[in-house]
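Just so it is clear, none of the values below were taken in a lab; they were calculated from the coordinates. For clarity, every value in this text was computed on a predicted model and none was experimentally measured. For neighbour counting, all protein chains shown are included, and Cβ atoms are generated from backbone atoms with ideal geometry for every residue, glycine included.
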Amino acid sequence: MKTAELREKTPEELQALLLEELRAQFNLRMRKGTGQLDRPSEVKKTRRNIARINTLLNEKKIAVGKDA
């Protein structure tokens, strides 16, 4: 998902998306461990999506702190 699309989401939606990505990362790790992983690049994409979501959550938290 692109960063511009993620910026439009609320923190609650981002948290739900983060949970979904973490589950996907876990499933990919399990598939990698059993040798059933078809596309190894998916691990990298998922890891970067998680980092992107965490970054936006932190930005939103900081923005709320400055407004208060």
Helical contribution to [θ] at 222 nm, DSSP H n ≥ 4, -39,500 (n - 2.57), averaged over the chain, rounded to 500: -27500 deg cm²/dmol
Pairwise label distance in nanometres, Ala63 with Ala4, each label 7 Å out on the Cα-Cβ vector: 1.6 nm
Number of Lys pairs (Cα under 30 Å; 8 or more positions apart or on different chains) in the chain: 17
Dipole moment magnitude, nearest 20 debye, the range 3-67 about Cα centre, only Lys, Arg, Asp, Glu C-beta charged: 400 debye
For the chain: span of alpha carbons on each principal axis (Å, largest first): 50, 17, 14
In sequence order, calculated HN-Hα J values of the range 38-55 (Karplus, 6.51, -1.76, 1.60; Hz; x Gly/Pro): 7, 10, x, 5, 5, 4, 5, 4, 5, 4, 5, 4, 4, 5, 5, 5, 4, 4
Highest-fluctuation residue, Arg31, Arg39, Arg23 considered, GNM on the chain with Cα pairs under 10 Å: Arg39
